[in-house]
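The values are calculated or read from the model by the stated rules, or taken from the named source; none is laboratory data. Source: prediction; values computed, not measured. Note that we place each Cβ from the backbone using ideal geometry, even for glycine, and neighbour counts take in every protein chain shown. Protein only, heavy atoms only, side chains kept; ligands, DNA and RNA dropped before computing areas. Shrake-Rupley method; radii C 1.70, N 1.55, O 1.52, S 1.80 Å.
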Amino acid sequence: MVTQVRHVRLDLSDDGDLLRWLTTGGPALFDDVAPTPVTATDDDQRLFADEKFDGLLTFVVTDALHIGSGRRQNDDEGPRTALILRDGNQPIVPGSTWKGVLRSRVELVLRSVGSFGVCSSVSADGPCGTCPVCETFGWTARDLGDRTVVGARSRLAFLDSSVTGATVRTRNHVAIDRVFGGASRGLLFSEEVVVSGQVTCDLRWDGSFDAPPDGGPLGLDPLVRDALVLAFQDLAEGIAGIGAGTTRGNGTLTPDPLTARWLDREAPAARARLREAVDALEDV
């Protein structure tokens, strides 16, 4: 939802405006510009609901968490350090990370329990654009040869999450020589990691789903919702992780007590409903 607008006009034939254009960029261009007031309508306010799944889901960083910024810090006395993603000085887990991990797990859950026509968005064919997961999480445009399919936005919004109380460390690693089993020469590398802290998944939706008949917290396809519950449980149990290096133990999260109680209540019910859906599918 738009909360403010800033705009500035630069005349590049003017030395002062040209200097500003060349030496600043992004939000800094508008630092001295007063925001234009924006009045939100009732429809705007309903665009995203405040909370989902009975509240926000909070996890404790259990193993080293590394979500890279794509930048490296030069160090003359050692390897270049891969830096973590930050908002200012605060480490963050971007919404795209939450969305990617959870969508992948939702697809895996539904393909594993039955033939619900769910695609694999990470396959060579890409998202199908017609299955319940694509309808919920959105899908990207792609070229089908004879035509181009435009895609659709996600009905779910995963907001960026700050890691609160974060402790950041730098860790060194070395690549393994796959032939001799020892350390490879000249392949020492270093990365920043978050070794402790809390992170909350703030999941919102655009209000386009019908309300569930039982008054549940999120009105979306029942199969997808149940699979999403189990995807969060996979995170809680360490079956799935977030960020880089999950195959070597990075990115493990542990639920805080409130989230753990929510999972204890919701996960068994989600599994039971999925079993019923599979049984009904087999009877057809």
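If the chain linking residue 5 and residue 142 were pulled fully straight, counting 0.36 nm for each residue of separation and taking away their Cα-Cα distance, it would gain 46.1 nm.
Between residue 15 and residue 122, the modelled labels are 5.6 nm apart [label points 7 Å from Cα along Cα→Cβ].
Ligands, DNA and RNA left out, the 1.4 Å accessible surface of segment 94-205 is 51% carbon and sulfur atoms.
Multiplying the residue separation of residue 159 and residue 247 by 0.36 nm and removing their Cα-Cα distance gives an extension gain of 29.2 nm.
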